[in-house]
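Encoded as structure tokens, the structure appears first; notes follow it.
The values are calculated or read from the model by the stated rules, or taken from the named source; none is laboratory data. The model shown is predicted, which means the values in this text are computed figures rather than measured ones. FYI the Cβ positions are ideal-geometry reconstructions off the backbone, even for glycines, and counts take in every protein chain you see. Only protein heavy atoms, including side chains, enter the accessible area calculation; ligands, DNA and RNA are left aside. Shrake-Rupley method; radii C 1.70, N 1.55, O 1.52, S 1.80 Å.
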Amino acid sequence: MSNATLNWGHFTATRFLREVWQRKPLLLRQAFAGFAPLLSRAQLFALAGDEDVESRLLQRNGRRWLLDHGPFSRRQIPPVEQRNWTLLVQGVNLHVDAASELLSQFRFIPDARLDDLMISWASDGGGVGPHQDAYDVFLLQAAGRRRWRIGPVLDATLQPGKPVKLLAHFEPEEDLILEPGDMLYLPPGWGHDGIAVGNDCMTYSIGFRAPPQGELLKEVLWQLAESQHGGPIYSDPPLRVGAPPALLPPAMVKFAAQAFARLKPDATVFESVLGTYLTTPKPQVWFESPQASLASLRRACQQTGCRLDRRSKMLYTAQAVFINGEAVSAELAPSGLLRTLADQHRLSALQLKDATTGELAVLAQWCAQGWLLTGDMVAAAAATGKTRRG
């Protein structure tokens, strides 16, 4: 594990947000000076063999591309000496504590935007081809060297018949070589093509989600529809014998329009939708429940503090607190302690000294669900060197 910290050089995080974020690319030489990979090549390949981990293997032979989805046995992964292939392992922060800790250095961006850490390992000449992403990304070179060709996308036409979305007419403006510790930021829609220079090239992609408005609208409408319990049942107006049987009754159309008109979401509804949507774990995420009673978990929290599991997502608004796709009860919604947990990802025994009965009860419940770890659980995991699966 690397203890390197993000170094902005002559920049600061404040200046970056003011001048660069979502505006233009930025290359930071030695952004993480002395950075060492969080996982060895063997460990990354082993992670790609886990059925709970999202992984892809992309190989290129001339103009022909081949894409496979994991899990992969070691025998399914090409020899490291073979050129032009890339292994991509998604959501590494969900499985490795050190990767989750690395993401914490990017929390000057709201947690609601943070997606995950993807690690790509590439042999000489390997890459995913010229493409553009619909989200912000930091590309941190962890090992080896990678050549990045970047530029604005003037023509978004894609190459036909490819298993990945490759730009057909990409014209880069800059040509950069990144060494270990260097980091490149790219805003949404910026074209880029990364190619491994030499073997054992490892790049970390820190991505920030940007959900499309239509996707959010679907979530709002779905939750609003779920909140409508029954309502009036459609009844026909006076019918006329001889009317076309296949004609959609205008009265039924009007009835549906009236139902839609009754949906009057306010800011609280949108906050609730976003809070549950943005904290819902990905499908492959699961939590382990400890073999302990609620009473013992509550005592452990009070005595040793607690910490969010690396897979947990927690957000809040002025009116509500959300964790892993659920909103806390109305009684606990005003809790400042839970907001502190969301911001700091941990609570000390001292911070829990004045916790209410309700707060302690919900913390113990989250521990029982595997969403939260008590301080003694964290210490035990550290003592055994266990960095995966809690």
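Using a ≥ b ≥ c from the Cα gyration tensor of the chain (square roots of the eigenvalues), is it rounded, prolate or oblate, where a/c under 1.5 gives rounded and otherwise the larger of a/b and b/c decides, a/b for prolate? Because a/c hits 1.5 or more and a/b fails to exceed b/c, the chain counts as oblate.
Computed from label points 7 Å out along Cα-Cβ, the spacing between Ala98 and Ala349 is 3.0 nm. Using only side-chain charges placed at the Cβ, +1 for Lys and Arg and -1 for Asp and Glu, the dipole size of the chain relative to its Cα centre rounds to 280 debye.
With the simple spin-label model, which puts each label point 7 Å out from Cα in the Cβ direction, the Ala246 to Tyr234 separation comes to 1.8 nm.
Protection proxy ranking of 215-225, 9-19, by the mean of other Cβ atoms within 10 Å over each peptide's residues and highest first, is 215-225, 9-19.
Rounded, prolate or oblate: pick one for segment 97-221, where a ≥ b ≥ c are the square roots of the eigenvalues of its C-alpha gyration tensor, a/c under 1.5 means rounded, and failing that, prolate if a/b is larger than b/c, else oblate. Let's see the in-between values first.
Values: a/c = 1.95, a/b = 1.12, b/c = 1.74.
Oblate is the answer for segment 97-221, as a/c is 1.5 or above yet b/c matches or exceeds a/b.
Near the amide H of Gly191, within less than 5 Å, lie the amide hydrogens of Gly151, Val153, all on another chain or at least 5 residues away, with H placed in the peptide plane. Build a GNM of the chain with springs between Cα atoms under 10 Å apart, and of Ala46, Ala210, Ala243 the one that fluctuates most is Ala243. For Glu219, neighbours were defined as the other residues whose beta-carbon sits under 13 Å from its Cβ, and their charges (Lys and Arg +1, Asp and Glu -1) total -2. The Cα center of segment 124-196 and the Cα center of segment 56-80 differ in position by 19 Å.
For Asp193, the shell of other residues with beta-carbons less than 9 Å away shows a net charge of +2, using +1 for Lys and Arg and -1 for Asp and Glu. Each residue was assigned an accessible area with a 1.4 Å probe, and for Val241 the value is about 150 Å². The value obtained for segment 36-93, namely the Cα convex hull volume divided by the number of residues, is 91 Å³ per residue.
In straight Cα distance, which aspartates and glutamates are under 19 Å from Lys353, not counting same-chain residues fewer than 8 positions off? Qualifying aspartates and glutamates at Cα under 19 Å: Asp343, Asp376. Under the combined filter of DSSP loop state and at most 10 neighbouring Cβ atoms within 10 Å, segment 272-380 retains these trypsin sites (Lys or Arg not before Pro): Lys353. Over the chain, dividing the summed -39,500 (n - 2.57) contributions of all DSSP H runs of at least 4 residues by the number of residues returns a 222 nm mean residue ellipticity of -8000 deg cm²/dmol. In the full protein context, the chain carries 52 Å² of accessible surface per residue, based on a 1.4 Å probe and ignoring ligands, DNA and RNA.
Once you list every other residue whose beta carbon is under 11 Å from the beta carbon of Val362, what net charge do they have if Lys and Arg are +1 and Asp and Glu are -1?
Numbers: positive: Arg298; negative: Glu326, Glu331, Glu359.
Charge balance near Val362 sits at -2.
Full extension of the segment from Glu51 to Gln132, taken as 0.36 nm per residue of separation minus the current Cα-Cα distance, would add 26.4 nm.
Give Lys254/Lys282; Lys165/Lys264; Lys218/Lys254; Lys24/Lys218 a once-over and call out the pairs whose C-alpha atoms are over 29 Å from each other. Before the final figure, lay out each step's value.
Details: Lys254/Lys282 39 Å; Lys165/Lys264 39 Å; Lys218/Lys254 22 Å; Lys24/Lys218 31 Å.
In this structure, Lys254/Lys282; Lys165/Lys264; Lys24/Lys218 lie more than 29 Å apart at Cα.
Within the accessible area of segment 1-65, the carbon and sulfur atoms contribute 44%, probe 1.4 Å, all protein chains present.
Using θ = phi - 60° in the Karplus curve 6.51 cos²θ - 1.76 cosθ + 1.60, the 3J(HN,Hα) couplings for segment 242-254 round to x, 5, x, x, 8, 6, 5, x, x, 5, 5, 4, 5 Hz; x is entered for Gly and Pro.
For Ser312, no residue 5 or more places off, or on another chain, has a built amide H under 5 Å of its own. With the convex hull constructed from alpha-carbon coordinates only, segment 311-390 shows a mean projected area of 5.5 nm² over all directions. Taking chymotrypsin sites (Phe, Trp or Tyr not before Pro) across segment 98-154, the ones in a DSSP loop with at most 14 further Cβ atoms lying within 10 angstrom of their Cβ are Phe108.
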